[in-house]
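Take a look at the structure set out below.
No lab work stands behind these numbers, since they all come straight from the coordinates. The model shown is predicted, which means the values in this text are computed figures rather than measured ones. For neighbour counting, all protein chains shown are included, and Cβ atoms are generated from backbone atoms with ideal geometry for every residue, glycine included.
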Amino acid sequence: MLATQTLPAIGIVQRTRKSPFFDATIQSGAQGFTVYNHMLMPIYYESPEADYWHLMNNVSMWDVAAERQVEITGPDAFKLVQLLTPRNLSKCKIGQCKYVPLVDENGGIINDPVLLRLAENHFWLSLADSDGLLWAKGVALGYGLDVTISEPDVSPLAIQGPKAEDVVADMFGEWIRDIRFFYFKEATLDGIPLIIARSGWSKQGGFELYLRDGKYGAELWNKVAEAGKPYGIAPGTPSGIERVESGLLSYGNDMTLENNPYEVGLGRYCDLDQPVDFIGKEALKAIKAKGVSQKLVGVEIAGERISGNSSYWPIQKDGVEIGKVTSSAYSLRYEKNLAIAMVAIEHTDLGSTFDIITPDGVRNGTVSDTPKL
Ligand code: THG
């Protein structure tokens, strides 16, 4: 952990909202928090490295309630959701999740939530860290749509890792093994209302339990911890190490409103040829036709072990700035320093090299296919 990530205390007041699992996470030994969607979210328990190995080897449970939901209902709900994202939703089934970048009229990325379709005209957008609720309300108002938009009392708890499925099967029954990736089912556990989705912000597999009534936060947390005991479950958090190794992007770190989906590898989720109109369609067509001037790439950083960046690290070639490291970690799996970086397009071929200006000195960087973006 960098000193800058641990030293300043965070003043906890009403604005820094607490997740329904907050007390339980403190009792489980959460040692640090970040603020995400105006809510406190744990960032590590034992240590980022020890937490990582629990996730990789066994199973890990995460308070990700800060992935707040935007609930959209009403006769125009589908119309609104399709306006908000370039992803083609014409085949999105009830009970299905979709990763849906939201873009503005210039093609700038507003957020990259997971969409859940609960009914024909009932959706949740499970947000990354930006104010998607206000954007959705503004768009609905501007287009005169007949929808209701709110933040429901819904809080995801992720169970990730190779033994996650066994834990969830012991809790709910063998039937959960048939839930496919990015699909979900509604269920209750001793009266606790939930949605069980096969999803989560790691590539180690697992589920997300969306708690639909915050008063059960501690009870659900403790039930998962109990069910996970035989499998060596440990409390954890979205892992900054695993997600860099796996090339999972973090909004606010690897992309902002200044970026378009083609720069950050999310072009594959944009269908510009679909007949419906969505916000940013014309802008994205122009961007695609012109080609992007910069792009996110995987990078290997030479030299001794780094401890991850908590600000952007400039990238230079022959003394000229050509980009920045957006995220990085020492990879415990590959035993090398890995990064995600936004780099001028001329320097994005595999094997391209450049200088990375870290706070501790200049390092050599090489464009690499790990992490794969
Ligand atoms: N779960 C929930 N909400 C979230 C996240 C989550 N909100 C914020 C953040 N994470 C959003 N970011 C991502 C990024 C990638 C994925 C999920 C959320 C992901 N993508 C699949 C993949 O890369 O294989 C593709 C999914 C698809 O094809 O639609 O899993 O983790 N509730």
Exercise for review: First measure r as the distance between the Cβ atoms of Phe182 and Glu46, then evaluate 1/(1 + (r/R0)^6) with R0 = 51 Å and state the FRET efficiency to the nearest 0.05.
Suggested key: 0.95
Study note, to complete from the structure: Under the helix-only model (-39500 (n - 2.57) for each DSSP H run of 4 or more, divided by the residues of the chain), the mean residue ellipticity at 222 nm, to 500 deg cm²/dmol, is -6000 deg cm²/dmol
Point to revise | Alpha-carbon centroid distance for the pair the range 347-373 / the range 82-133, whole angstrom | key: 32 Å
Revision key, fill the gap. Descending packing, highest mean Cβ count within 10 Å first, for 47-55, 239-247 is 239-247, 47-55
Exercise for review: Report Rg(Cα)/(2.2 N^0.38 Å) for the range 195-275, keeping two decimals.
Suggested key: 1.47
Exercise for review: Let me have the relative contact order for the chain, percent, based on Cα pairs under 8 Å that are six or more residues apart.
Suggested key: 18 percent
Study note, to complete from the structure: Expressed in nanometres to one decimal, the distance between label points 7 Å along Cα→Cβ at Thr353 and Ala218 is 5.8 nm
Check your understanding: Quick one: which of 56-63, 181-188 comes out on top by average Cβ neighbours within 10 Å, and what's the full order, highest first?
Key -> 56-63, 181-188
Point to revise | Residues Asp146, Asp76, Asp112 arranged by fewest to most Cβ contacts within 10 Å | key: Asp146, Asp76, Asp112
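Taking the alpha carbon gyration tensor of the range 130-205, what are the square roots of 5 times its eigenvalues, largest first, to the nearest whole Å?
32, 15, 11
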Review point. Which whole-Hz ³J(HN,Hα) couplings does the range 37-48 yield from phi under the Karplus relation 6.51 cos²θ - 1.76 cosθ + 1.60, θ = phi - 60°, glycine and proline marked x?
Key: 6, 6, 10, 6, 9, x, 10, 6, 10, 5, 6, x
**Study point:** Sequence-separation-based contact order of the range 87-216, relative, with Cα cut under 8 Å and 6+ spacing, percent
**Key:** 20 percent
Check your understanding: Where the centroid of each part is defined by its Cα atoms, how far is the range 24-43 from the range 248-324 in Å?
Key -> 28 Å
Exercise for review: Please list the non-local residues whose amide H lies under 5 Å from the amide H of Thr358, H modeled 1.01 Å from N, same-chain partners needing a gap of 5 or more.
Suggested key: Arg363
Practice item. Any chance you could run the full-extension gain for Gln27 through Ile345? It's 0.36 nm times the residue separation minus the Cα-Cα distance, nm to one decimal. Key: 109.7 nm
Practice item. Scan the range 270-320 for trypsin sites (Lys or Arg not before Pro) in coil per DSSP, keeping those whose Cβ has at most 16 other Cβ atoms within 10 Å, and list them by number. Key: Arg305
Practice item. Run the quick spin-label model on Leu332 and Arg305: label points 7 Å from Cα toward the beta carbon, then report their separation in nm to one decimal. Key: 1.0 nm
Exercise for review: Quick one: divide the alpha-carbon radius of gyration of the range 254-373 by 2.2 N^0.38 Å and tell me what you get.
Suggested key: 1.16
Review point. Does the chain come out rounded, prolate or oblate by the C-alpha gyration tensor, with a ≥ b ≥ c the root eigenvalues, rounded set by a/c under 1.5 and, if not, prolate when a/b is larger than b/c and oblate if not?
Key: oblate
Check your understanding: If one puts a single equal scatterer on every Cα of the range 110-242 and applies the Debye formula without solvent, what log₁₀ I(q)/I(0) results at q = 0.16, 0.17 Å⁻¹?
Key -> -0.87, -0.97
Review point. Asp369 versus Thr16, label points 7 Å from Cα toward the beta carbon: distance in nm?
Key: 4.4 nm
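For Lys288 and Ala119 in the same chain, what is the full-extension length gain: residue separation times 0.36 nm, less their Cα-Cα distance, in nm?
The Lys288-Ala119 span can extend by a further 57.5 nm.
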